[in-house]
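**Student:** Got a structure for you, written out below as structure tokens; questions coming shortly.
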Amino acid sequence: MDDVFARFSDDRWDDFLDELDKIRVSVVDPAERQQMKATARRDAREAGTQPLLVRMALADHYLNLLAIGVWAGDESWRADLRDLVVSLVPEDEGSRDDALLSSVIAVVLAQLLQDARLRGGSEADVIARSAWEKAQEWAAYAEDRHVERLLQHSTEAGARVVTASEVQEVIELATAAADDQHAETIAALETEGFTAEFMNGVWVVEGEFRNAVRAAARAITLTGHGCVLARNIRSSAVMLWHENTLAMADSKVPRWRVYPILAPVTPQSKFSGGEGLPFTRETHPLAPAPEVVRRLADAAGVNLSHLLAALR
């Protein structure tokens, strides 16, 4: 561990932010970037053995290097920063009341969520999601006075910095998630342009989409299994998904159609083709519902008669 971080080893919380200001850099020689990245990665690997304030300083250092363009065009920082923020999560839940620690966590999560989605499937999405799951409840206790001091500022080419509004979004979502188990899913659906509500086990999504089936497929992919009803003024579609089986029906083609969904296929990719529905040999009348549809409805905990009424 570099000697520059030794100043954070004495548990001196009161002047932590002042000490951070002293070690931040505003420019770096391009020839030194590779060595700086290598050193940062080494420090991140060793962070778990360091005192909490040192780990906090290391997380801020990563953000500083991102701000001055050290990782320009290179996304490999995400996994290291994820590991750093996870290392900040206290084992003692009573520690979550510390606003300074929570503010560092909130800023790091905002950086990881930049150009990433909590319910997406890209590498950046998966990394952000894993960090969020471990640290989000502490982010809710961040305070503006600390966040303002922790924000990085840079005009360097390739710089990555988060704004106060991005951090505020993280804090608000973390706060909402503490009060509502569905807050994250609602936020993900709203990002897609849907109005979303969870009603009696069914995710009901509405919006200006042209194709209700595709909207349902996108929504159920984001929610991850369960039941979705997508509707607008023109049409509606229902999807039930559990394990490797999906059943769908829509108001334009009033029959149950059953599909296998085997990774890496998702409902969204299955229904992303042309205007028509993907082919399946397994189709059934809406009522009485076949055994496979009843089983999927039971797994989702939804009332089939209510779903059928929504399609009529």
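The values are calculated or read from the model by the stated rules, or taken from the named source; none is laboratory data. Computed from a prediction, not measured in an experiment: that's the story for all the values here. Positions of Cβ are backbone-derived with ideal geometry, glycine not excepted, and every protein chain shown enters the neighbour counts. Side chains included, ligands, DNA and RNA excluded: accessible areas come from the protein's heavy atoms. Shrake-Rupley method; radii C 1.70, N 1.55, O 1.52, S 1.80 Å.
**Student:** Please indicate, with yes or no, whether at least one residue in the range 161-171 is out of contact with any helix residue (DSSP H, G or I) (no Cβ under 6 Å at 6 or more places or on another chain) and aliphatic (A, V, I, L, M). Break it down stepwise before answering.
**Tutor:** Our first condition is that a residue be out of contact with any helix residue (DSSP H, G or I) (no Cβ under 6 Å at 6 or more places or on another chain); within the range 161-171, this holds for 163-165, 168-169.
Within this subset, residues satisfying the condition of being aliphatic (A, V, I, L, M) are 164.
Looking through the range 161-171, at least one residue is out of contact with any helix residue (DSSP H, G or I) (no Cβ under 6 Å at 6 or more places or on another chain) and aliphatic (A, V, I, L, M).
**Student:** Return the residue satisfying two criteria in turn: it lies in the range 29-58 and is among the polar types (S, T, N, Q) and part of a helix (DSSP H, G or I), and of such residues it is surrounded by the most Cβ atoms within 10 Å (Cβ to Cβ).
**Tutor:** Only one residue fits best here, namely 39.
**Student:** Taking the options 159, 110, name whichever one is buried (at least 21 other Cβ atoms within 10 Å of the Cβ), among the aliphatic types (A, V, I, L, M) and touching a residue at least 60 places away in the same chain (Cβ under 8 Å).
**Tutor:** Working: 159 fails: buried (at least 21 other Cβ atoms within 10 Å of the Cβ).
110 is the lone residue from the list that is buried (at least 21 other Cβ atoms within 10 Å of the Cβ), among the aliphatic types (A, V, I, L, M) and touching a residue at least 60 places away in the same chain (Cβ under 8 Å).
**Student:** Let me ask something additional. For a quick check of your reading of the model, give me the residue pairs whose first member lies in the range 129-141 and is part of a loop (DSSP other than H, G, I, E, B), whose second is open to solvent by 40 Å² or more (accessible area, probe 1.4 Å), with beta-carbon atoms closer than 6 Å and at least 6 apart or on different chains.
**Tutor:** Listed pairs, sorted by first residue: 140/175; 140/178.
**Student:** Which residues, counting only those in the range 234-292, are open to solvent by less than 60 Å² (accessible area, probe 1.4 Å) and among the acidic types (Asp, Glu)?
**Tutor:** Result: 250, single match.
**Student:** Restricting attention to the range 254-268, which residues are in contact with a helix residue (DSSP H, G or I) (Cβ under 8 Å, 6 or more places away or on another chain) and either over 21 Å from residue 284 (Cα atoms) or hydroxyl-bearing (Ser, Thr, Tyr) (or both)?
**Tutor:** Passing the criteria: 259, 266, 268.
**Student:** Then there's this: In the range 281-301, what residues are closer than 18 Å to residue 213 by Cβ and assigned to a loop (DSSP other than H, G, I, E, B)?
**Tutor:** Passing the criteria: 282, 286.
**Student:** For the range 180-215, which residues satisfy the criterion of being among the small types (Gly, Ala, Ser), buried (at least 16 other Cβ atoms within 10 Å of the Cβ) and touching a helix residue (DSSP H, G or I) at 6+ places or on another chain (Cβ under 8 Å)? Steps first, answer last, please.
**Tutor:** We begin by selecting, within the range 180-215, every residue among the small types (Gly, Ala, Ser); these are 183, 187-188, 193, 196, 201, 207, 212, 215.
Keeping just the survivors that are buried (at least 16 other Cβ atoms within 10 Å of the Cβ) gives 183, 187-188, 196, 207, 212, 215.
Scanning the range 180-215 gives 183, 187, 188, 196, 207.
**Student:** Residue 22 fails exactly one of the following numbered conditions: (1) in contact (Cβ under 8 Å) with a residue 24 or more places away in the chain; (2) surrounded by fewer than 17 Cβ atoms within 10 Å (Cβ to Cβ). What is the number of that condition?
**Tutor:** All conditions pass for residue 22, except number (1).
**Student:** Residue 218 versus (1) open to solvent by 20 Å² or more (accessible area, probe 1.4 Å); (2) touching a residue at least 40 places away in the same chain (Cβ under 8 Å); (3) in a helix (DSSP H, G or I); (4) over 30 Å from residue 129 (Cβ atoms): which is the lone unmet condition?
**Tutor:** In the conditions (1) open to solvent by 20 Å² or more (accessible area, probe 1.4 Å); (2) touching a residue at least 40 places away in the same chain (Cβ under 8 Å); (3) in a helix (DSSP H, G or I); (4) over 30 Å from residue 129 (Cβ atoms), residue 218 misses (4) alone.
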